[in-house]
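Student: Once you've had a glance at the structure underneath, I'll fire off some questions.
What follows is calculated from the coordinates using simple rules that are stated; it is not laboratory data. Just so you know, these numbers come straight off a predicted model, no measurement behind them. No Cβ is skipped: glycine too gets one built from the backbone with ideal geometry, and neighbour counts run over all protein chains shown.
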């Protein structure tokens, strides 16, 4: 049975799609991989095998060149899913350009959204002209306000950059640089169940103070985990399915394409 269909009634059923790295043109490639073709394949597989989807979380780096045309392609693809899509900017995105060209119909860029007894918070962690992450004081104030206004909700906080190390020195040099201030806010609340992010192009599943910590493969190239230097992993692109149960529990898993797409330059030292 499809994983999202095998969950209790009242579950909020989510797909996380991340780091699509689209370009203005359909032939754009990242380290030899056609990112639009790979994104299309992942979306098609996710929507066909995951089951009933209530919403999609697109957690950043939607468009590698931050072009209006690339965001329009993303909007077209996401609009075809037929469910709400919440988009978060990544370090390759330009938020104002993204919002102007990706918002359409059910595709939006909210800061917070309440679904039943779950609150989803979509935080902006980008630092312009930097690959690393940062939460502004205003962003942290918005988070605190949203949490104060929803004391009865289970909470999942979504972002692009990782707030904790994932075990790769080069990637962890680009994590949220003021994560301590972020944790000072959330550690005061006992209803936060999960932190979810993209950026790392790999699977991550851990726990901090009873809060689930999750990261997800990119829809294009994958970074080799637990390696200090840049490396491309020889595993297929993928997505994450998430079930937020009414009681605050979380069911989740990662699914990948059946094969690594052609053309990837595995000998690259960076991008």
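Student: Nearest-5 percent of antiparallel DSSP beta bridges in the chain?
Tutor: Around 50 percent antiparallel, to the nearest 5.
Student: Could I ask something else about it? Determine, from the Cβ-Cβ distance of residue 169 and residue 108 and an R0 of 30 Å, the FRET efficiency 1/(1 + (r/R0)^6), rounded to the nearest 0.05.
Tutor: Computed FRET efficiency for residue 169 and residue 108: 0.25.
Student: So what is the calculated 222 nm ellipticity per residue for the chain, using -39500 (n - 2.57) for each DSSP H run with n of 4 or more, over all residues, to the nearest 500 deg cm²/dmol?
Tutor: One gets -6500 deg cm²/dmol as the mean residue ellipticity at 222 nm.
Student: Only Cα pairs within less than 10 Å get springs; with that Gaussian network setup on the chain, which residue of 28, 198, 238 has the largest fluctuation?
Tutor: 28
Student: What is the packing order of peptides 11-20, 115-124, taking the mean over residues of other C-beta atoms within 10 Å and listing the highest first?
Tutor: Those peptides, ordered most packed to least, come out 11-20, 115-124.
Student: Let me ask something additional. So how do 35-45, 155-165, 206-216 stack up, highest first, on mean other-Cβ count within 10 Å? Intermediate values should be presented prior to the final figure.
Tutor: Working: 35-45: 20.5, 155-165: 23.2, 206-216: 16.5.
Ranked from most to least packed, the peptides come out as 155-165, 35-45, 206-216.
Student: So for 126, 264, fewest C-beta neighbours within 10 Å to most, what's the order?
Tutor: Sorted ascending by nearby Cβ count, the order is 264, 126.
Student: Going by C-beta contacts inside 10 Å, put 64, 199 in order with the fewest on the left.
Tutor: Least crowded to most crowded, the residues run 64, 199.
Student: Remind me, relative contact order of the chain in percent, using alpha carbon pairs under 8 angstrom and six or more residues apart?
Tutor: Rounded, it is 22 percent for the chain.
Student: Which Rg and Dmax, in Å, describe the Cα atoms of the range 10-256?
Tutor: 16.6, 48
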